[in-house]
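Below is one structure, written out as structure tokens, with a few remarks after it.
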Amino acid sequence: MNNKEAKKILHETIGHSIDKGHELLFECPSCNHHKRKFSVNLDKDVYKCWVCDYRGRNIRRIIRRFGSYLQLQKWDAISDRTDLERFADLFMERRPEEDKPKVDLPEEFTSLATESFPAT
């Protein structure tokens, strides 16, 4: 995961942060505490508020709950999350489409099914 891009998405979603090495400290989006007590660890993919005890093991849940759909798509792109709509594409082999051969009929050809064939 690209930590720089992940920090940018979290910044857009939750707000400004303080970088404390391995953790980012935000104002809690759940309890709106005025101090930055909401810690997010990108390496371990966990988050916790030290005031209201709002916690979880998947940062994507924060983006899904408090962010927009566009931010969620960006997060899925950098975290290599596969979309279930494309699930069949992951395991199915693509078959090359074959061109149908074109048959040129002689001019004296007459159809037995219809009188209007060949159209002139």
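Worth a mention:
- Looking across the stretch 42-56, the residues that are closer than 18 Å to N3 by Cβ and either hydrophobic (A, V, I, L, M, F, W, C) or loosely packed, with under 14 Cβ neighbours inside 10 Å (or both) come down to L42, D43, K44, V46.
- So R60, is it surrounded by 12 or more Cβ atoms within 10 Å (Cβ to Cβ), in contact with a strand residue (DSSP E or B) (Cβ under 6 Å, 6 or more places away or on another chain), at pLDDT 90 or above and not small (G, A, S): no
- Residues of the stretch 16-50 that turn out to be in contact (Cβ under 8 Å) with a residue 12 or more places away in the chain and within 19 Å of G67 (Cβ to Cβ), as a count: 19
- Residue under evaluation E85, criteria (1) at pLDDT 80 or above; (2) under 30 Å from L10 (Cβ atoms); (3) surrounded by fewer than 10 Cβ atoms within 10 Å (Cβ to Cβ), criterion not met: (1)
- Residues (surrounded by fewer than 18 Cβ atoms within 10 Å (Cβ to Cβ), assigned to a loop (DSSP other than H, G, I, E, B) and of a type in the set (A, V, I, L, M, F, W, C)) located in the stretch 14-35: C31
- Only listed residue being out of contact with any strand residue (DSSP E or B) (no Cβ under 8 Å at 6 or more places or on another chain) and modelled with pLDDT of 85 or more, chosen from K74, K48, K37: K74
- Residues within the stretch 1-13 that are outside any loop (DSSP other than H, G, I, E, B) and exposed (fewer than 15 other Cβ atoms within 10 Å of the Cβ), tallied: 6
The values are calculated or read from the model by the stated rules, or taken from the named source; none is laboratory data. Model, not experiment: these values are computed from the prediction. When we count neighbours, we look across all protein chains shown, and the Cβ atoms used for this are built from the backbone with ideal geometry, even at glycine.
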